[in-house]
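Written below as structure tokens is the structure these notes are about.
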Amino acid sequence: MTRKAKAIGLISGGLDSTLALALVKGQGIEVKAVTFYTGFCITETQRRKGGRADGSVPRNEALRAAADLEADVELVDISGPAYLEMLLHPRFGYGANANPCVDCRIFMMRKAKEIMEREGADFVFTGEVLGQRPKSQRRDTLRIIERESGLDGRLLRPLSAKLLKPTLPEAEGLVDRERLLDLSGRGRTPQIALAKEIGLADYPQPAGGCCFLTDESFSKKFFDLLSAREAAGEGRHISHEEVILLTVGRHFRLSPRAKLIVGRGEVENALLEHHAGGRARLEAVGVTGPVALVEGAPTPEERRLAAAIVARYGKAKDRPLAQVEWREGDRAETIEIEPARDEARIEGMRI
Amino acid sequence: MRPATLPEPALTIDTSGRLCPFPIVETARVMKGLADGAVLLVVATDPGIALDMPMWCKATRNDHLATFEEGGRWRSYVRKRPR
């Protein structure tokens, strides 16, 4: 070693990034851990809904990892318009769902490069493992991410380093390559063994993403929104508030112009209430039932259809007729309607 | 539960309505401007602050004094440790 190095470590709090942090810190390198907030965080959404089903509050795993390893940590918000723009137009396409993992990694690495330069650090490292993910962690895409981010030679993957070309900090003697690893593939056995060896016991089990974009159900709603906009002749866009609403309630596509969101339980009803501004708010009158929102510009027929579905999910569902209040701002009207009974049709509209 | 004694905060920030990670992002931002030894009070509605704040303090080597719920809001006291 020629001098004490400094590194920026990107951590999610999963086992791999925690191990990468431990490996680099273990070489006596000063580390600033960084965790990015994209706006698609499952932990945040669980907290918005009042915690998990068992009542517990999910913890921020990146903070847990930094605390366990006593690494200075910075939480960086990248959820702004530039991130949404990347999400809508990913140069390298989507993964199995709405996850533009390669573009997202490039986006994060560019931000990490800025932090590296600001902090006077020598390199950036991640917990990526060669071949672990079908798209974003292939050898060629790891190289693309490095090149496109401008981190050429300054992006270290400690868990797979011995299988990759030596980086500049290794060549400069700032990092001891011999103490890095040669892991590859989807298995976790070596990581679990290493965690045990260095005394890490408290990491997320099982391994899993913390990002809604990899969630199939969320993804369907995301692409439905974009397709509907396209069909209605609108541009490809999405707002942060719309992202939040994609994580709440049952969604029904009434037409390219209109969508219905029906709350499932008190917490979701309250969330929909909170986001009712600029949307129509529906609720059955005189009986217990969900709060619902309609986005877009429904036709009179679609308004009645939405009201019938809302009535179907409330206590009036077995009545011949129900009354549903349709409110837009200060204007309200009551729609008398037979609750929807054609389950196949309702399911057909479900996103 | 509120501890029997707590220091007077040099600064109070209210992060009510914001969720993980913003109470911590805001804490980190204002801590940079505080003098060594100063106490920051962070008010929050995200119950996750009871988990997040002790972990953030341990990672960043600041002193977590207390986090407790009072009147429907969480209060977290942190002392900036000298660098």
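The values are calculated or read from the model by the stated rules, or taken from the named source; none is laboratory data. Just so it is clear, the structure is predicted and the values come from calculations on it, not from any experiment. Cβ placement follows ideal geometry from the backbone for every residue including glycine, while neighbour counts extend to all protein chains displayed.
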Legend entry - Out of A:A96, A:A65, sole residue that is in contact with a Ser or Thr (Cβ under 9 Å, 6 or more places away or on another chain) and at the interface with chain B (Cβ under 10 Å from one of its Cβ atoms): A:A65
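Test A:V248 against the stated conditions and say whether it is part of a helix (DSSP H, G or I) and either under 30 Å from A:A280 (Cβ atoms) or of a type in the set (S, T, N, Q) (or both).
So A:V248 does not fit the description; no.
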Inset, instruction - Pull up region A:1-10, narrow it to residues that are surrounded by 23 or more Cβ atoms within 10 Å (Cβ to Cβ) and over 19 Å from the mean Cα position of the chain (by Cα), then point me to the one that is nearest to A:K113 (Cα to Cα). - result: A:I8
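Residue by residue, here is whether (1) modelled with pLDDT of 95 or more; (2) surrounded by fewer than 24 Cβ atoms within 10 Å (Cβ to Cβ) holds:
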residue: A:S12; (1), (2): no, yes
residue: A:L21; (1), (2): yes, no
residue: A:A33; (1), (2): yes, no
residue: A:Q46; (1), (2): no, yes
residue: A:R52; (1), (2): no, yes
residue: A:V57; (1), (2): no, yes
residue: A:L63; (1), (2): no, no
residue: A:S79; (1), (2): no, yes
Legend entry - Flag if A:R110 is closer than 23 Å to A:L19 by Cα and either within 22 Å of the chain's Cα centre (by Cα) or surrounded by fewer than 17 Cβ atoms within 10 Å (Cβ to Cβ) (or both): yes
Legend entry - Selected residue (only one of B:T67, B:T45, B:T15 is within 14 Å of another protein chain (Cβ to nearest Cβ), under 18 Å from A:Y37 (Cα atoms), among the polar types (S, T, N, Q) and under 13 Å from the mean Cα position of the chain (by Cα)): B:T15
Inset, instruction - Taking the options A:F107, A:F212, name whichever one is of a type in the set (F, W, Y) and in contact (Cβ under 8 Å) with a residue 40 or more places away in the chain. - result: A:F212
